[in-house]
Amino acid sequence: MQSKMLKNSNGFTLVETLVAISILTLSIAGAFTAVQSGIQSSTFAKDQITAFWLAQEGMEFIKNRRDENALNSISGGSATWLSGLSAVSDDPCWFGGGGVSQKTCIIDSPIPSNTAPCSLGFGTCPNIKQDATSGLFGHASSWTDTNFKREIQFQSISANEVLITIKISWTNRNLAKSFEVTQSLFNRQ
């Protein structure tokens, strides 16, 4: 009679318990993998959006400087449309000519006087820094380094047109990422 009672028992065996634990472990691991992948994707998207904004900020700074130069000229000043950018060989973004090679430069919108040449060619400019208080990006020495680099080159098309190339590069999980934006800029004077 005792053997009949054991056969009709409805409890779990050790094998059934191990199978259930394995299935539960696999489902939890799958969820963790999905969460980790989502976090990595959001980090990359955040960096990519920041890079796009940095490229746009650089282009807007250049357009603003061109417009300021036009207003200066209309008011009787001596500024040309590329003054302070690429008008003469001493300018930070000089596009070459007269024995001086094309320069790659940085543009710092929070501190306009911090526009400076880097060297010849892309890959020679310092990383952008960020102010922890305001969130602004620039090259102030007291700010914290970021993993972004913004490099700008001007190329002469004609006396009244230049081609501007802005290259943004950064690293994400030790992978180098970059993109370039080009736009023609015209003399409005």
Quiz prompt | Per-region count, the stretch 168-187, residues without any contact (Cβ under 8 Å) to a residue 24 or more places away in the chain, assigned to a loop (DSSP other than H, G, I, E, B) and within 20 Å of residue 60 (Cβ to Cβ) | solution = 0
Practice problem: Would you point out which residue out of 37, 86, 41, 73 is in a helix (DSSP H, G or I), at pLDDT below 90 and either within 22 Å of residue 162 (Cα to Cα) or of a type in the set (Asp, Glu) (or both)? | Solution: 73
Practice problem: Determine which member of the set 95, 148 is among the hydrophobic types (A, V, I, L, M, F, W, C), touching a residue at least 12 places away in the same chain (Cβ under 8 Å) and in contact with an Asp or Glu (Cβ under 9 Å, 6 or more places away or on another chain). | Solution: 148
Self-check item: the stretch 104-146: number of residues that are modelled with pLDDT of 85 or more, part of a loop (DSSP other than H, G, I, E, B) and among the charged types (D, E, K, R)
Solution: 1
Self-check item: Pairs where the first residue, in the stretch 33-60, is surrounded by 11 or more Cβ atoms within 10 Å (Cβ to Cβ) and the second is among the charged types (D, E, K, R) and not in a helix (DSSP H, G or I), C-beta under 6 Å, 6+ apart
Solution: 54/150; 58/150
Quiz item: Out of the stretch 140-170, which residues are in contact with a Lys or Arg (Cβ under 6 Å, 6 or more places away or on another chain) and under 28 Å from residue 186 (Cβ atoms)?
Solution: 151, 168, 169
Quiz item: Assuming residue 66 fulfils every condition listed in (1) surrounded by 15 or more Cβ atoms within 10 Å (Cβ to Cβ); (2) touching a strand residue (DSSP E or B) at 6+ places or on another chain (Cβ under 6 Å); (3) at pLDDT 90 or above apart from one, which condition is it?
Solution: (2)
Quiz item: Taking only pairs six or more apart or across chains, which ones have beta-carbon atoms under 8 Å, a first residue in the stretch 17-32 that is on the phi > 0 side of the Ramachandran plot and surrounded by 10 or more Cβ atoms within 10 Å (Cβ to Cβ), and a second residue that is acidic (Asp, Glu) and in a helix (DSSP H, G or I)?
Solution: none
Self-check item: Failed criterion for residue 184 (all others in (1) under 22 Å from residue 90 (Cβ atoms); (2) surrounded by fewer than 14 Cβ atoms within 10 Å (Cβ to Cβ) hold)
Solution: (1)
Exercise. Output the qualifying pairs, or none if there are none: Cβ atoms under 8 angstrom, residues six or more apart or on different chains, first residue in the stretch 103-116 and closer than 12 Å to residue 54 by Cβ, second residue assigned to a helix (DSSP H, G or I) and modelled with pLDDT under 85.
Key: 106/114; 108/114
Practice problem: Please go through the stretch 160-186 and pick out each residue that is modelled with pLDDT under 90 and more than 11 Å from the chain's Cα centre (by Cα). | Solution: 173, 174, 175
Quiz item: Just checking, which of 51, 79 is part of a helix (DSSP H, G or I) and not polar (S, T, N, Q)?
Solution: 51
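The values are calculated or read from the model by the stated rules, or taken from the named source; none is laboratory data. In this text the structure is predicted, and so the values were computed from the model without any measurement. Note: ideal-geometry Cβ built from the backbone for every residue, glycine included; neighbour counts use all protein chains shown.
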